[in-house]
Amino acid sequence: MYGDLKARLRRNLLNMPGWRSRRRILVIESDDWGSVRMASREAYSYFLKSGYPVDKDPYNRYDALESNEDLEMLFSVLSSVHDKNGNPAVFTANSLVANPDYQRIEESGFRQYHYEFFTGTLNRYPNHHRVMDLYREGICSRLIKPQFHGREHLNVPLWMDALGRQDKVVLEAFRFGMHSVHAEENPVYFNEYTDALACHTPDQLELLPAVLTDGIKIFEKIWGYKPASFMAPCFIWNSQLEKPLADAGVRYLQGMVNQFQPIFGQPYRYKLKYHYLGQKNKFGQRYLIRNVFFEPSHFPDADNVGKSLKRIEVAFAWGKPAILSSHRLNYMGTLDPANRDRGLKQLSQLLKAVVKKWPDVEFLSSDQLGDLINGGKGN
């Protein structure tokens, strides 16, 4: 009972400060699209048989590059519900635009980093040949809106250093076209090289503005427009990186109530920086704060729908939009089709329950919400 009271208190405190609206708005922010996590079923089986606890980490167990069927089935669910304006549910798909080019890195003797556009990665995977066509159809139908999640979901300096040191685990993952694998039950470095902006020295920080700027240029080449919002991988970034993002046209910063800011000289240690919905930084960017967490793959036996409905109810009671965090892995079926079926079934249940309980709900993407907070001006 005491635990339930604390949870309710936290949910209310999260929604108290910041921008408000009488409109009932639902935003779904989904991270990791375009990146490779577990490369294939064969890779998963190999690591599991080799004693790696990949079955204990949901990203290693379920997450894979989105396939034709993944997108088709997701779009079917999103198009099955409509808001008061007749719009379908929409995913803000936070997109990684590149993956490591493993062949060129190996040819360099693991001394030079190279990447490929994620569209090139798609070409090397079976059952992925229609992914870009499906994305375009989804964008036109207002089912999905890609936004910027980074150039790659990879801490390049740390990873290249590990390759140069011939790190056994990293090299084994490399063999399968992966940058990491869950190697320990309770690792000290639990982000497994996915914390792309985790710079712990001034020299590391100096490299990152160019990486972000390059990534945004690639984003525009792939999607045909500049991203309005950015979601930092693993919720980790140094505040100095907000300026190059602003200079490149990013107006909104997605995240949680706490930003994890790396501490120089202390690897894997972070200073928490508090944000609230609609807060504006010195570059004019506004923070969008997630207040609902819908992650069936993390909690397969939990009442994910019921818990999310309670959080949505609290958000609406405070005049706040419900901003859902729901990562890609919940809807991927390459490694385990049952995972996708479970995630989509629960997503469908949640969306139908929302429309039934709040018939005046409106489905918006993150950039639309940001523009609304900005007074409808887009800048």
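The values are calculated or read from the model by the stated rules, or taken from the named source; none is laboratory data. Every value quoted in this text rests on a predicted model; they were computed, and no experiment measured them. Ideal geometry is used to build each Cβ from the backbone, glycine not excepted, and the neighbour counts take in all protein chains shown.
Out of 181, 170, one residue alone is closer than 19 Å to residue 36 by Cα, crowded, with 20+ Cβ neighbours inside 10 Å, in contact (Cβ under 8 Å) with a residue 60 or more places away in the chain and not polar (S, T, N, Q). It is 181. Among the residues of segment 274-317, those identified as aromatic (Phe, Trp, Tyr) and either touching a strand residue (DSSP E or B) at 6+ places or on another chain (Cβ under 9 Å) or buried (at least 16 other Cβ atoms within 10 Å of the Cβ) (or both) are 274, 276, 287, 293, 294, 316.
Checking each residue in segment 44-73 for being of a type in the set (Gly, Ala, Ser) and under 23 Å from residue 100 (Cβ atoms) picks out 45, 50, 64, 67. Of the residues making up segment 272-312, those that are within 24 Å of residue 197 (Cβ to Cβ), free of Cβ contacts under 8 Å to residues at least 24 places away in the same chain and more than 21 Å from the chain's Cα centre (by Cα) number 2. Evaluated against (1) over 22 Å from residue 282 (Cα atoms); (2) assigned to a loop (DSSP other than H, G, I, E, B); (3) among the basic types (Lys, Arg), residue 226 falls short on exactly one condition, (1).
Pairing each residue of segment 344-369 that is under 25 Å from residue 70 (Cα atoms) and in contact (Cβ under 8 Å) with a residue 40 or more places away in the chain with any residue that is of a type in the set (Phe, Trp, Tyr) and in a helix (DSSP H, G or I), provided the two are 6+ apart or on different chains, yields C-beta distances under 8 Å for 344/331; 347/331.
Take the conditions modelled with pLDDT of 95 or more and either more than 19 Å from the chain's Cα centre (by Cα) or farther than 25 Å from residue 243 by Cβ (or both) and apply them to residue 379. Does it pass? No: the conditions fail for residue 379. Each residue in segment 82-127 was checked for being closer than 22 Å to residue 347 by Cβ and in a loop (DSSP other than H, G, I, E, B), and 8 pass. Reported count of residues in segment 142-166, each being in a strand (DSSP E or B) and closer than 21 Å to residue 107 by Cβ, is 0.
When you scan segment 247-259, do you find a residue that is assigned to a helix (DSSP H, G or I) and either out of contact with any Gly (no Cβ under 8 Å at 6 or more places or on another chain) or surrounded by 14 or more Cβ atoms within 10 Å (Cβ to Cβ) (or both), even just one? The answer is yes, given that some residue of segment 247-259 is assigned to a helix (DSSP H, G or I) and either out of contact with any Gly (no Cβ under 8 Å at 6 or more places or on another chain) or surrounded by 14 or more Cβ atoms within 10 Å (Cβ to Cβ) (or both). Filtered by the rule that a residue be outside any helix (DSSP H, G or I) and either in contact with a helix residue (DSSP H, G or I) (Cβ under 6 Å, 6 or more places away or on another chain) or acidic (Asp, Glu) (or both), segment 167-178 gives 167, 176, 177.
Tallying residues that are in contact with a Phe, Trp or Tyr (Cβ under 6 Å, 6 or more places away or on another chain) and under 19 Å from residue 207 (Cα atoms) within segment 224-242 yields 4. Of everything in segment 289-348, what is part of a loop (DSSP other than H, G, I, E, B), over 27 Å from residue 131 (Cβ atoms) and in contact with a helix residue (DSSP H, G or I) (Cβ under 9 Å, 6 or more places away or on another chain)? Give them in sequence order. Residues satisfying the conditions are 291, 299, 318, 319, 320, 321.
Every residue, every condition in (1) under 18 Å from the mean Cα position of the chain (by Cα); (2) assigned to a loop (DSSP other than H, G, I, E, B); (3) surrounded by fewer than 23 Cβ atoms within 10 Å (Cβ to Cβ), yes or no:
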position	(1), (2), (3)
10	no, no, yes
23	no, yes, yes
30	yes, no, no
64	yes, yes, no
74	yes, no, no
80	no, yes, yes
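Residue count for segment 230-239 under the criterion of being touching a strand residue (DSSP E or B) at 6+ places or on another chain (Cβ under 6 Å) and either in a helix (DSSP H, G or I) or more than 22 Å from residue 191 (Cβ to Cβ) (or both): the result is 2.
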